[in-house]
1. Under unit Cβ charges (Lys, Arg +1; Asp, Glu -1), what dipole magnitude, rounded to 20 debye, does the stretch 519-599 have relative to its Cα centre?
2. Less than 12 Å Cβ to Cβ from Asp483, Lys/Arg counted +1 and Asp/Glu -1: what total charge do the surrounding residues give?
3. Dipole of the stretch 1-108, Cα-centred, from +1 at each Lys and Arg C-beta and -1 at each Asp and Glu C-beta, to the nearest 20 debye?
4. Using DSSP to call loops (not H, G, I, E or B), can you name the trypsin sites (Lys or Arg not before Pro) in the stretch 470-502 whose Cβ has at most 16 other Cβ atoms within 10 angstrom?
5. Only bridges with both residues in the chain count here: give the DSSP antiparallel percent, nearest 5.
6. Give me the distance between the Cα centres of the stretch 42-115 and the stretch 278-296, rounded to whole Å.
7. Determine the per residue accessible area of the stretch 414-484 with all protein chains present and a 1.4 angstrom probe, expressed in square angstrom.
8. Kirkwood hydrodynamic radius, the stretch 255-376, all distinct C-alpha pairs: what's the number in Å?
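The values are calculated or read from the model by the stated rules, or taken from the named source; none is laboratory data. Not measured: the values here are computed from a predicted model. We place every Cβ from the backbone using ideal geometry, glycine too, and count neighbours over all the protein chains shown. Keep in mind that these areas ignore ligands, DNA and RNA; they rest on the heavy atoms of the full protein, side chains included. Shrake-Rupley method; radii C 1.70, N 1.55, O 1.52, S 1.80 Å.
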Amino acid sequence: MSIDPKTIRHEHLSEWVNEITHLCKPDKVHWCDGSVEEYETLSKEMVDNGVAIKLRARKNCLLFRSTASDVARVEDRTYISTKDQDEAGPTNNWVHIDELKKTMIGLYDGCMKGRTLYVIPFSMGPINSSLSRIGIEITDSPYVVCNMHIMTRVGTDVLEKLGDNGDFIYCLHSVGAPLEEGEEDVSWPCAPMEKKYVSHFPEENTIWSFGSGYGGNALLGKKCLSLRIASAIARREGWMAEHMLILRMTGPDGKCYHIGAAFPSACGKTNLAMLQPTIPGWKCECVGDDIAWMHIGEDGRLYAINPESGFFGVAPGTSYKSNPMAMDTLKENCIFANCALTPDGDVWWEDMTTTPPAKAIDWKGRDWTPDSGEPAANPNARFTAPAAQCPVICPDWESPKGVPIDIFIFGGRRASMVPLVMEAFDWEHGVFLGSTAASETTAANIGAVGTLRRDPFAMKPFCGYNMGDYFQHWLNMGKKLGDKAPKIFYVNWFRKSSDNRWLWPGFGENSRVLKWMCERVDGTVTANTTPIGLMPDKNSLDLCGLDIASKDLEELLSVDRHAWLLEVEDIRKHYGQIGDRVPDRLKDQIDKLEERLKE
Ligand code: O2Y
Ligand code: MN
């Protein structure tokens, strides 16, 4: 269940592993082969030493409880480190490469004492796809190894593909908690906040993460490789690495449409990825729930692959009402983090069921009842689940050439002003919509609730280079795609009435809006021209069987010119913060919007 390092043909890889072993000084080195046996052995070890809990009620599932200070991505400790700060741009934390490496080498020195160093060869994307990329993650966390088994393709066939001189992305991770001789381990080792670093060196295709064992900080194939490093590679090579779900929608006549959708966190991205349409005859299938890599194919269209092989979803709020397909995905072979444990050996989280369990053990390991006054699960509690287990996984989700994208959707959570749906006038206007995307914060975000945050293309935390250059890259891609470019839409499922009611039912009913988009692609429905975009009229949205007051629908599709003129000022401020690399053509879009609103 381990690869013999003597069989490694890739000299440069062996040298790098030796160099890191020398620096981090682990007790043992284990080359992962990605086998079921390896997963089971590590799982058993973690259960035996009290690091993980085996769930009696769910086949082959584990529950982990992290340290209370290590529960989420650490944006303040995330760096894009380049030679020149302008390359990282004002939306990223930056420290000069030489300085950051010096600090981190100091931290890595001896950091794996008493632990095993695992070498994980992994592929982002199907191994047989020319669009995939290989990463090698070195980590001292068996929790990370097991999660990487689910989230990526790990194993010997990756090394096979790498050959003796293939390229890979260097991913170094340590929990940053060396063990002295005889020192007993804790169940979730990590370093204090001031020693945590999630560092990216896009000029060297390298990731160095230190001090956190949680999610996006530690599973380096996900946000670090597939978004921050990949976005920088994609810009250099002329493709796109986006924070997008991918879904296939099929109409009653069998015609398929593929949609890529980008939303900031807490906007229901995983729910939309696994949507069950309420409109008769229409079907949705999930290709991916978080990341899309897109290349222009030989026919000039844009093809998307999901580089991941699992879902790392937020548990609280996931239920048979909000996302039945996710619930069915979680029945077996999953890893849970920071969920509550019920007396019958199952996991539970807030809003999973309408009635909470009478008692449970909360995510901190304490006795809990519904009267405890605190949530039983951490708000960022997670599940890691194999994508192949999703009942509505698309049969082509692992297609090596990807699926052709027809539609891009941007959106956010806005209580007022932003309509249910609008279509961009053209690609440039669509890029403007993506670049100005914003969402109001919820309790799931850190900080005040209801504050408007701009999150261009939902990429603010994930763009590995200057945001102004990223906007330009979107414009360039549009130019290359020409009339084969996907149509761009902007949605807001979260608009409220003046008496604070949701105006739109959401969930499966969102399929009505997606259907309108598909029909716009085909040119079979009309749209009204408004100052902010093209919008459906009441008759072109399929509302059959939906009980919605016509007054509510009018409000959902209304444009408040005065409010939008205030928005224009906020967008100018937002572009000002991104700096002088914002393309002039996008700045012109603000003036054009203002003119249309004043007409
Ligand atoms: O909190 C974390 O460590 C993970 S964040 C995350 C996980 C899965 C999908 N998306 C996200 C995100 O922050 O966008
Ligand atoms: Mn995400």
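1. On the way: 12 positive and 19 negative charges, 64 e Å.
Rounded to the nearest 20 debye, it is 300 debye.
2. Values: positive: Arg301, Lys479, Lys480, Lys484, Lys487; negative: Asp426.
That works out to +4.
3. On the way: 15 positive and 19 negative charges, 130 e Å.
Here the size comes out at about 620 debye.
4. Arg501
5. Details: 61 of 92 bridges.
Of all bridge pairs located within the chain, approximately 65 percent are antiparallel.
6. 31
7. Computed with neighbouring chains in place, this is 33 Å² per residue.
8. Over the stretch 255-376, the inverse of the mean reciprocal pair distance is 16.8 Å.
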